[in-house]
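Colleague: Structure incoming, see below.
Bear in mind these aren't lab numbers, they're just calculated from the coordinates by the rules spelled out. In this text, all values refer to a predicted model and were calculated from it rather than measured experimentally. Here the Cβ positions follow ideal geometry from the backbone for every residue, glycine too, while neighbour counts run over all protein chains shown.
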Amino acid sequence: MTTAITRTMCQSFRSDFSKAVQDLEKKYGVKIGLGNISYDESEIRTKMTVVLASKTVAQAPVTGGLPLEAKIGVRFKLPGKRNIFTITGFNPRAPKFNLRVTTDGGTAYRMPASVLERAVVL
């Protein structure tokens, strides 16, 4: 029995939750993800997002950290975010933030290509 919730417990909870919902994801054809986890000594709080698997960027072989389906000009939305992003470039030499995107408002961002795993293609 745990007496208080800790950071390592939250990390373990996230991985255990991912394993536990795999059957649900297959059964309903969705992708289930957790947002940032907040916690105190007795409570864990998080946002859960469920996205249709047909709307996510397909899991594909990765070329230079970028899925093959992710082409310049592809528009996508991230669960929990209001902005719609457009892929404007890719830097294969960047170790982490190798994807370049802009919002419809013109703001430019660099993101890891791994965000495309939970992106909803428009």
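Colleague: Can you tell me how much longer the chain between Y39 and T107 gets when fully stretched, taken as 0.36 nm per residue apart minus their C-alpha distance, in nm with one decimal?
Modeller: Stretched fully, the Y39-T107 segment lengthens by 21.3 nm.
Colleague: Give me the dipole magnitude in Debye, nearest 20, for the chain about the Cα centre, with unit charges on the beta carbon: positive for Lys and Arg, negative for Asp and Glu.
Modeller: Using Cβ point charges on Lys, Arg, Asp and Glu, the chain gives about 440 debye.
Colleague: Another question, if that's okay. Of G35, G105, G89, which is the most mobile in a GNM of the chain whose springs link Cα atoms less than 10 angstrom apart?
Modeller: In the Gaussian network model the winner is G105.
Colleague: Quick one: check the C-alpha center-to-center distance for segment 1-40 versus segment 100-122, whole angstrom.
Modeller: Between the Cα centres of segment 1-40 and segment 100-122 lies a distance of 25 Å.
Colleague: Now a separate question. Amide H of V30 versus every other amide H placed in the peptide plane: which residues, excluding those fewer than 5 positions away on the same chain, fall under 5 Å?
Modeller: When sequence neighbours closer than 5 places are left aside, the close amide H contacts are A53.
Colleague: Next question. With labels modelled as points extended 7 Å from the Cα through the Cβ direction, what inter-label distance (nm, one decimal) is found for R75 paired with R14?
Modeller: Distance between label points: 3.1 nm.
Colleague: Have a look at P95, Q22, T2 and report the one farthest towards the positive end of the charge dipole of the chain, computed about the Cα centre with Cβ charges (Lys/Arg +1, Asp/Glu -1).
Modeller: P95
Colleague: In degrees between 0 and 90, to the nearest 10, how far off the longest principal axis of the chain does helix 7-20 point, with axes built from Cα atoms?
Modeller: The two axes meet at around 70 degrees.
Colleague: Based on Cβ point charges of +1 for Lys and Arg and -1 for Asp and Glu, what charge dipole magnitude is obtained for segment 7-54 about its Cα centre, in debye rounded to the nearest 20?
Modeller: 240
Colleague: Translational diffusion coefficient of segment 62-121 at 20 °C, 1.002 mPa s, Stokes-Einstein with Kirkwood Rh over Cα pairs, in µm²/s as a whole number.
Modeller: On the way: Rh = 11.4 Å.
Rounded to a whole number, D works out at 188 µm²/s.
Colleague: If each of K47 and T88 carries a label point 7 Å out from its Cα toward its Cβ, how far apart are those two points in nm?
Modeller: Those two pseudo-labels are separated by 2.4 nm.
Colleague: What Kirkwood hydrodynamic radius, in Å, does the chain give when the mean of 1/r is taken over all pairs of distinct Cα atoms and then inverted?
Modeller: 16.2
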